[in-house]
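The values are calculated or read from the model by the stated rules, or taken from the named source; none is laboratory data. As the structure is a computational prediction, the values presented were derived from the model and not from experiment. Neighbour counts are summed over all protein chains in view; Cβ atoms, including those assigned to glycine, are modelled from backbone coordinates with ideal geometry.
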There are 2 protein chains.
Amino acid sequence: MNGKVLGVDLGASTARAALVDRNTGEVIAAHKQLLSDRSPAAVVDVVAHALREVAGKDLESFDRIGVGVCGQCLGSTGSVILAPNLGWRDVPFGPMLSRAIGGARVRLANDLAAIAWGENRFGAGKGFSDVFVVFVGSGIGSGLVLGGRLNEGSGGVAGEFGHVKVQPIRPATRPRRCGCGAMSCLEAYTSGMNVAARVREDLDQGISSLVRELVGGDLSCINAGVVEAAYGRGDPYAREIWQEAGELLGTALANFVTVLNPARLILGGGVWLGCPLLATLVREAFEGKVSRSATLGFALENAFLGDEAGVIGAALLE
Amino acid sequence: MNGKVLGVDLGASTARAALVDRNTGEVIAAHKQLLSDRSPAAVVDVVAHALREVAGKDLESFDRIGVGVCGQCLGSTGSVILAPNLGWRDVPFGPMLSRAIGGARVRLANDLAAIAWGENRFGAGKGFSDVFVVFVGSGIGSGLVLGGRLNEGSGGVAGEFGHVKVQPIRPATRPRRCGCGAMSCLEAYTSGMNVAARVREDLDQGISSLVRELVGGDLSCINAGVVEAAYGRGDPYAREIWQEAGELLGTALANFVTVLNPARLILGGGVWLGCPLLATLVREAFEGKVSRSATLGFALENAFLGDEAGVIGAALLE
């Protein structure tokens, strides 16, 4: 299997495995499977099966496999420290998977770190040494490549961009508690899941908005896409929510670009890609706040590798 | 001169040169000189003289010299892009100095980058691969070592921590324009020079505060130390100013530690070291805002190398 590497992207509901060309980043074979049982042993079985699907009987000839996990990982030990969406805490997933597939070394990383590495090697950040990658989806996370190296932090938990603290701008916005337990995380005001939750709360309390009509009165159907649609049709409430989200996200992104001076800021995730009007507000706030000197040779770009970024990046992890 | 390296710290008013032991970081010889004329040619003369003072006739045997400059530098070209306090823009200081001292290669870096490198090699960050260094003095700047490497950014202007944008908390605080021309930079509310300016403006407009008494009515004598003294004696106005500065600084620091996950946050500079009551407020805000997961194995420490950090770090630059 010369020139080929194996990667896994372990999400909250799906495991993907892929055989990737090391020199081009191309996916040669891929297999995707839903997780019905999230216990570590069951997930090991699913991932080992997916790896066999893509590598066949050659699986045992690989001496290493990269895995991106939707949680905090300690790459050096192969342990998942905390993965709330899998319900895991301190799971030695690397060694467990290694045993199940015949001994290959398993290199674990956070999924956003793997995505950042993939986008850096063969995506929107190709050819640049300093790249900051942020995904805005149901949650918010980031990965950072500096000086051509993936930065995972001293404790393996770098990239928690969703948990930087912000000061809401809109007078009506009350401080919000994040899923992590802390107050006023960026994610609590701007991620897809939290936007849905706060709009639902407001509408529950009787605020009038086109959002209510768009979901036919069924508030459980509210999501970021509905807010985007209402904003696009001029709804004043959706405008307030989107302007605040754009300002908070754009400012936080600008602050990291100001200090880190990357060549590329790469944005992806369902909310970013699915809500272009919000993305425009974020870009406007970003441009108004970023330090001029950090924008020389800089560009903000959309993620390029799509759903495969994580599995490609994982396969290429060093 | 085996095992010895030469460094220069070029500030707005002073140039320092030092001969440093590469293996211990110890300063073997140092020379400091005021800059009376800040023209590039005059500064080259002063620095070359200072280097001769510390290296003697061995100066020409050095093949490289590190220089930290109070401005934005492009290490790869040896140019100072912008140094407002020297009045420089696009000055090829590296090549100029190199010619003046017999051809040694000159490695330029921002002064905070040099300090970060020095503190990482032989100061409060010794033994750690990931260190964030922030200095709060008349201005605010930072330097970042990640994965054991100094991060200077893709354009050489990383570290502009003073220019992250913040949202003031105190209702009476008006948005402030920073010296860089932008609105609402962190520095505009919290650096020594800006604290003095905003307190002076408030007192000019008749606000009552113990600060006025402490300077004997001469508002030109206001500085951060006076605000610290008034805060220590319970002055309500100084308390508002210090609480806001502490909250803004502590939150911004927490956000970078949350995302970068360094092993050490190292704080220094005249305002930080000279205002321990403000420092306590900053620490409190920091601890309330930083992500829990980023604090495992983490510590916030005071800079250790004092005034020599810059020249030691410059000498050791790679």
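Name the strands (runs of 3 or more DSSP E) wholly within the range B:9-96 that hold at least 1 residues that are under 23 Å from the mean Cα position of the chain (by Cα) and in contact (Cβ under 8 Å) with a residue 60 or more places away in the chain? Walk me through how you get there before you give the answer.
Details: elements: B:14-21, B:27-34, B:64-69, B:72-74, B:79-83, B:88-91.
Passing ranges, in order: B:14-21, B:27-34, B:64-69, B:72-74, B:79-83.
The conditions are (1) more than 18 Å from residue B:210 (Cα to Cα); (2) touching a residue at least 24 places away in the same chain (Cβ under 8 Å); (3) more than 14 Å from every other protein chain (Cβ to nearest Cβ), and residue B:279 fails exactly one of them. Which is it?
Going through (1) more than 18 Å from residue B:210 (Cα to Cα); (2) touching a residue at least 24 places away in the same chain (Cβ under 8 Å); (3) more than 14 Å from every other protein chain (Cβ to nearest Cβ) one by one, residue B:279 breaks only (2).
Does residue A:288 fit the bill of being part of a helix (DSSP H, G or I), buried (at least 21 other Cβ atoms within 10 Å of the Cβ) and within 11 Å of chain B (Cβ to nearest Cβ)? Explain how you work it out, then say what you get.
Numbers: part of a helix (DSSP H, G or I): yes; buried (at least 21 other Cβ atoms within 10 Å of the Cβ): no; within 11 Å of chain B (Cβ to nearest Cβ): yes.
When the stated conditions are applied, residue A:288 does not pass them.
Residue B:263 passes all but one of (1) among the hydrophobic types (A, V, I, L, M, F, W, C); (2) touching a residue at least 12 places away in the same chain (Cβ under 8 Å); (3) more than 19 Å from residue B:169 (Cβ to Cβ); (4) in contact with a helix residue (DSSP H, G or I) (Cβ under 6 Å, 6 or more places away or on another chain); which number fails?
For residue B:263, the failing item is (4).
Tell me, yes or no, whether the range B:264-284 has at least one residue that is on the phi > 0 side of the Ramachandran plot and not in a strand (DSSP E or B).
There is at least one residue in the range B:264-284 that is on the phi > 0 side of the Ramachandran plot and not in a strand (DSSP E or B).
Residue by residue through the range A:286-316, note down the ones that are in contact with a helix residue (DSSP H, G or I) (Cβ under 6 Å, 6 or more places away or on another chain) and either free of Cβ contacts under 8 Å to residues at least 12 places away in the same chain or closer than 16 Å to residue A:256 by Cβ (or both).
A:286, A:289, A:290, A:291, A:294
Looking at (1) within 11 Å of chain B (Cβ to nearest Cβ); (2) farther than 22 Å from residue B:297 by Cα; (3) surrounded by fewer than 24 Cβ atoms within 10 Å (Cβ to Cβ), which is the one condition that is false for residue A:126?
(1) is the only condition that residue A:126 fails.
Can you tell me which residues in the range A:164-186 are at pLDDT 95 or above and either outside any strand (DSSP E or B) or within 19 Å of residue B:146 (Cα to Cα) (or both)?
If the condition is that a residue be at pLDDT 95 or above and either outside any strand (DSSP E or B) or within 19 Å of residue B:146 (Cα to Cα) (or both), then A:164, A:166, A:186 are the ones that fit.
Hey, can you tell me all the residues within the range B:117-163 that are assigned to a loop (DSSP other than H, G, I, E, B) and polar (S, T, N, Q)? Reasoning before the result, please.
Initial filter on the range B:117-163 (assigned to a loop (DSSP other than H, G, I, E, B)): B:123-130, B:137-139, B:147-148, B:152-160.
Listed by number, the residues that qualify are B:129, B:138, B:154.
Quick one: is residue A:133 at pLDDT 95 or above, within 14 Å of residue A:260 (Cα to Cα), within 10 Å of the chain's Cα centre (by Cα) and more than 7 Å from every other protein chain (Cβ to nearest Cβ)?
yes
Just to be sure I understand the filter: pairs with C-beta atoms under 9 Å, separated by 6 or more residues or on different chains, first member in the range B:198-220 and polar (S, T, N, Q) and in a helix (DSSP H, G or I), second member crowded, with 16+ Cβ neighbours inside 10 Å and modelled with pLDDT of 95 or more. Which pairs pass?
B:220/B:200
Among the residues in the range A:98-108, are any within 17 Å of the chain's Cα centre (by Cα) and under 23 Å from residue A:137 (Cα atoms)?
yes
One residue is enough: does the range B:291-304 have a residue meeting the conditions more than 20 Å from residue B:118 (Cα to Cα), of a type in the set (Gly, Ala, Ser), outside any helix (DSSP H, G or I) and within 14 Å of chain A (Cβ to nearest Cβ)?
yes
Which of the residues spanning the range B:170-210 are β-branched (Val, Ile, Thr) and within 24 Å of residue B:267 (Cβ to Cβ)? Reasoning before the result, please.
Here is the first cut: in the range B:170-210, the residues β-branched (Val, Ile, Thr) are B:173, B:190, B:195, B:199, B:207.
The answer is B:173, B:190, B:195, B:199.
Please identify the pairs in which a residue from the range A:230-252 that is closer than 13 Å to residue A:281 by Cα and part of a helix (DSSP H, G or I) has its Cβ atom under 7 Å from the Cβ atom of a residue that is of a type outside the set (Ser, Thr, Tyr) and modelled with pLDDT under 95, counting only partners at least 6 apart or on another chain.
As it stands, the answer is A:240/A:170; A:244/A:168; A:244/A:169; A:244/A:170; A:247/A:169, since those pairs meet every condition given.
Here's a check for you: in the range B:136-149, which residue that is facing chain A (nearest Cβ under 8 Å) and hydrophobic (A, V, I, L, M, F, W, C) is nearest to the chain's Cα centre (by Cα)?
The qualifying residue nearest to the chain's Cα centre (by Cα) is B:144.
Pick from the range B:220-266 the residues that are closer than 16 Å to residue B:187 by Cβ and either of a type in the set (S, T, N, Q) or in contact with a Gly (Cβ under 7 Å, 6 or more places away or on another chain) (or both): which of them is farthest from the other protein chains (Cβ to nearest Cβ)?
B:223
State the number of residues belonging to the range B:142-188 that are of a type outside the set (A, V, I, L, M) and surrounded by fewer than 24 Cβ atoms within 10 Å (Cβ to Cβ).
Qualifying residue count for the region: 21.
Only residues that are within 8 Å of chain B (Cβ to nearest Cβ), without any contact (Cβ under 8 Å) to a residue 60 or more places away in the chain and out of contact with any Phe, Trp or Tyr (no Cβ under 8 Å at 6 or more places or on another chain): list them for the range A:150-180, please.
A:151, A:153, A:158, A:159, A:160, A:163, A:165, A:167, A:180
Looking at the range A:20-76, which of its residues are more than 25 Å from residue A:139 (Cα to Cα) and among the charged types (D, E, K, R)?
Selection gives A:21, A:22, A:26, A:45, A:52, A:53, A:57, A:58, A:60, A:63, A:64.
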